[in-house]
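What follows is a single structure, written as structure tokens, with notes after it.
The values are calculated or read from the model by the stated rules, or taken from the named source; none is laboratory data. All of these numbers come straight from a predicted model, not from anything done at the bench. All Cβ positions, glycine included, derive from the backbone under ideal geometry; neighbour counts span all protein chains shown. Accessible surface is based on the protein model in full, side chains and every heavy atom, while ligands, DNA and RNA are left aside. Shrake-Rupley method; radii C 1.70, N 1.55, O 1.52, S 1.80 Å.
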Amino acid sequence: MDKLLWAWSILAGLMLARLGYNELAMPQTASPEITATLLLTGGLLTGLIGATGLCGLLGWVLPRTAEHGGE
């Protein structure tokens, strides 16, 4: 379940970055530079966090309950 959550966060990051690229291609928006910068930065950062979590380096964020004495 944890790997699926990290994979979805990578996918969400890629979708945010894609929205940022689309924002740059549409000239009729009010401020495409700021919006695209926020979407690209947020998307790539979300994807990086997801990839790090998928590698197992962020296990402290979503600990497994079996490791801590739970069921």
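If you take the beta carbon distance between L4 and E33 as r and set R0 to 30 Å, what does 1/(1 + (r/R0)^6) give as a FRET efficiency, to the nearest 0.05?
With R0 = 30 Å, the Cβ-Cβ based efficiency is 0.30.
Measuring with a 1.4 Å probe in the full set of protein chains, what accessible area per residue, in whole Å², belongs to the stretch 19-59?
Ligands and nucleic acids excluded, the result is 65 Å² per residue.
May I ask you to give the percent of accessible area on the stretch 1-63 that is carbon plus sulfur, with a probe radius of 1.4 Å?
In the stretch 1-63, the share of accessible area belonging to carbon and sulfur is 76 percent.
Mind ranking 52-61, 37-46, 3-12 by how tightly packed they are, going by the mean number of other C-beta atoms within 10 angstrom, highest first?
37-46, 3-12, 52-61
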